[in-house]
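The structure appears right after this line, and notes come after that.
The values are calculated or read from the model by the stated rules, or taken from the named source; none is laboratory data. Bear in mind the structure is a predicted one, so any value in this text is a computation, not a measurement. Because the Cβ atoms are built from the backbone with ideal geometry, glycine has one as well, and the counts that use them run over all protein chains shown.
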Amino acid sequence: MINQLLKAPNQLTLLRLIFIPFILINIVDQNYGWALGLLIAAGISDALDGLLARRLHQQTKLGEYLDPIADKFLLSSLFLVLSILHKIPWKYTVLVFSRDICILATTAVIYATTTLRDFRPSIFGKINTFAQIFAVLFVLGNLIWNTRPLYIGRQLSLYATFAFTLVSGIHYVFLVGARLRAQTRTAAGS
């Protein structure tokens, strides 16, 4: 485990986790420029850790779990703090948290009660993550530069977040159901 933790991609993921409180502190203190800069740095570290993992052949089981956890912590905490500060309407945050909690609970139950271990995100889950990232970027950008294009981007990205949170949650239910049925058929055929 320590060997996996010391790999460069996993170190970058840990760095991204360290960014989170500083981004949130800057948002609470209304230092939106700093918050946006740190968020962009966190995004660069996210892209870089994936690139390094592939190029250096340092993909690890730890990184497989740590990377999406870091993304979820970052986005969830940003949505929560921005809603507390009335910068994002609560309905988006409640929906984002509800979907993630349902997926986490379902995954835990399936993990504990079956041998299914395939919990890869679907294409809709990835699109949902991008929508959330753009929503936060546009919200912060609009707080710094109050322009019509940033406001429109903010609104569209929040609508996209709402839509893809619903679609990805529903799709995940069907996807996991299909994986469970396929596993049952395979086990019955053995």
Exercise. Which condition number in (1) assigned to a helix (DSSP H, G or I); (2) closer than 19 Å to ASN142 by Cβ is the one that LEU12 fails?
Worked result: (2)
Seminar exercise, completed: Only one of ALA53, ALA47 is surrounded by fewer than 17 Cβ atoms within 10 Å (Cβ to Cβ), part of a helix (DSSP H, G or I) and modelled with pLDDT under 95, namely ALA47
Exercise. Can you find a residue in the stretch 63-75 that is touching a Gly at 6+ places or on another chain (Cβ under 8 Å) and modelled with pLDDT under 90?
Worked result: yes
Seminar exercise, completed: Within the stretch 44-94, the residues that are outside the structural domain of THR161 (by TED's automatic domain parsing) and among the polar types (S, T, N, Q) are SER45, GLN58, GLN59, THR60, SER76, SER77, SER83
